[in-house]
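One structure is given below, encoded as structure tokens.
The values are calculated or read from the model by the stated rules, or taken from the named source; none is laboratory data. Source: prediction; values computed, not measured. Note that each Cβ is placed from the backbone with ideal geometry, even for glycine, and that neighbours are counted across all protein chains shown.
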Amino acid sequence: MTDTPRPADQGDALDQFLCFSVYAAGLAFNRVYKPLLDRFGITYPQYLALVALRDSNGRTVSELGGKLHLESNTLTPLIKRLEAGGLVTRNRDKQDERVVRVALTDAGRTVVDEALGCVPAAILEATGMQPQDLKALNVSLASLGSALRNGAAASDADGR
């Protein structure tokens, strides 16, 4: 489970890379999510943004980017597409006009509620795993992601 290749007689070197397994699983998730979300007219990143806004409507663009681990150059076009689709609104904060808040519209809330009513069950079925196993895997991957982000932040702070 490291990035140290195994000898050729022990299988494909890529199969030994944890980073490749996570990457390949991500690609597989996207292939499963696409037809599920197409019926709602949204992409996977848009779905995640809508879910994040459902949990905390009226987030600032910065807060939403932090929650989704997206930079503003990726997040801004995503939000603009959601706004053009009538699913979110963007408004300047009343206390600080430099801050932009993003909120679900009624149509956006309907889309995310309908998607959450069917997509998670379809994903669970597609994995073929038990809910408790997926929950444990999710906890492990969240911890891994946090450790990697914190390690990268420490390296950036050290100037490495």
Test result for T74, at pLDDT below 95, more than 14 Å from the chain's Cα centre (by Cα) and β-branched (V, I, T): no
Residue within segment 92-108 that is part of a helix (DSSP H, G or I), touching a residue at least 60 places away in the same chain (Cβ under 8 Å) and among the aliphatic types (A, V, I, L, M) present: no
Test: residue in segment 1-16 that is free of Cβ contacts under 8 Å to residues at least 60 places away in the same chain, assigned to a helix (DSSP H, G or I) and within 17 Å of the chain's Cα centre (by Cα): no
Some residue of segment 30-51 being in contact with a helix residue (DSSP H, G or I) (Cβ under 8 Å, 6 or more places away or on another chain), of a type in the set (F, W, Y) and not in a helix (DSSP H, G or I): yes
All positions within segment 124-152 that are without any contact (Cβ under 8 Å) to a residue 40 or more places away in the chain and among the charged types (D, E, K, R): E125, D133, K135
Subset of segment 92-121 [over 14 Å from Y47 (Cα atoms) and loosely packed, with under 13 Cβ neighbours inside 10 Å]: R92, D93, K94, Q95, D96, E97, R98, D106, A121
Unmet criterion (only one of (1) within 17 Å of F29 (Cβ to Cβ); (2) touching a Pro at 6+ places or on another chain (Cβ under 7 Å); (3) of a type in the set (A, V, I, L, M, F, W, C)) for V119: (2)
Conditions (1) within 17 Å of the chain's Cα centre (by Cα); (2) surrounded by 13 or more Cβ atoms within 10 Å (Cβ to Cβ); number of the one not met by V88: (1)
Breaking point among (1) part of a loop (DSSP other than H, G, I, E, B); (2) closer than 16 Å to S62 by Cα, for G86: (2)
Among (1) in contact with a helix residue (DSSP H, G or I) (Cβ under 7 Å, 6 or more places away or on another chain); (2) surrounded by fewer than 15 Cβ atoms within 10 Å (Cβ to Cβ), the one test that T74 misses: (1)
